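Beneath this line is the structure, given in structure tokens, with notes to follow.
Each value in this text was obtained by applying a stated rule to the coordinates, not by laboratory testing. Quick caveat, the model's predicted, so the values are computed rather than measured. Backbone-built Cβ (ideal geometry, glycine too); neighbour counts: all protein chains shown.
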């Protein structure tokens, strides 16, 4: 039936975008590539306002980075005539990459956030057609001291507060976590308790290489962070972070996911160390906590016993299925996995794709 719910997944890779579709999140059909040989560093699926819009942050080797969108599940793609994201002329800066695309809540239709390289936040109020630079973060007095992580200098995580539109958290490499309490007009570092062991002072005010942040489903003051060494939780919107790494086989990694409805349920994918950057012991597994990081359990059913490929921060996602949520991720070895039971078992969606950079999934009807 045309009105039966389906799940679609957008898979951005180093050399194009693939789209997967499933009725049961067990058997998948794959189509693509779209944008062959073009890097797709970020994707988003926006199901607000009664439509399904797929957004992609592409990086054309000749024309440079751009945000494109499709309202017909990839049959056609559109791009704002003069570019959706552009730095204003007075900044004397060019956009290098769109690392992260984040639709806001259903109560804020049309609002889409973008985290970019160089370190910057952009905001759209027309569903990604046009974005405006957040001047508060761009003009921050710390900006000259922010550095580049291994992959570049970028804002890679944006977390709007589900209750208060004035509160926004953003994380960057390198710089750490910053919070705005006035809708983005001003920003303050919020890194107390997060380590930066590559500095003489391992707990500076800012400068941490935070790899990803996300918010709890039920308590918007509770956030989680996967750091460059360290896994953390805050229960006061970032004023103080505590370690929740006990019980994990390693505290390095890039991925951190939070259940969209159930508070305290989260996932991470530990990697051995910043030196080796492989799944622990070459065994690809997720670790899930149902008590906000107090304890962890391994999830491995259906995943490779031997795999030495990294899962990048934007290459993992959850859907918002009304039953058990789906868990999705892709590796730099080009394999994509999906679970329809919150990680208890996985199936392989795709194999031998180019390096997977970004993954998003959503349930759609029609």
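Segment residue 198..residue 21, full-extension length gain: 59.4 nm, with 0.36 nm per residue of separation and the alpha-carbon distance subtracted. The percentage of C-alpha pairs in the stretch 5-365 whose separation is greater than 26 Å is 45%. Stokes-Einstein diffusion for the stretch 262-335, with the hydrodynamic radius set to the Kirkwood value over Cα pairs and evaluated at 25 °C in a medium of 0.890 mPa s, equals 186 µm²/s.
With the alpha-carbon atoms of the stretch 191-247 aligned to their principal axes, the span from lowest to highest coordinate is 37, 24, 16 Å, starting with the largest. The spacing between the stretch 269-305 and the stretch 81-100, judged by their C-alpha centroids, is 36 Å. Calculated on C-alpha atoms, the gyration radius of the stretch 8-75 divided by its Kirkwood radius gives an Rg/Rh of 0.99. By the count of neighbouring beta-carbon atoms within 10 Å, fewest first, 251, 314, 24, 274 end up ordered 24, 274, 251, 314. Using the beta-carbon distance between residue 305 and residue 139 and R0 = 56 Å, what value does 1/(1 + (r/R0)^6) give for FRET efficiency, to the nearest 0.05? The pair residue 305/residue 139 has a calculated efficiency of 0.65. Each Cα pair under 8 Å and six or more residues apart adds its sequence gap; the mean of these over the residue count of the stretch 226-274 is a relative contact order of 36 percent.
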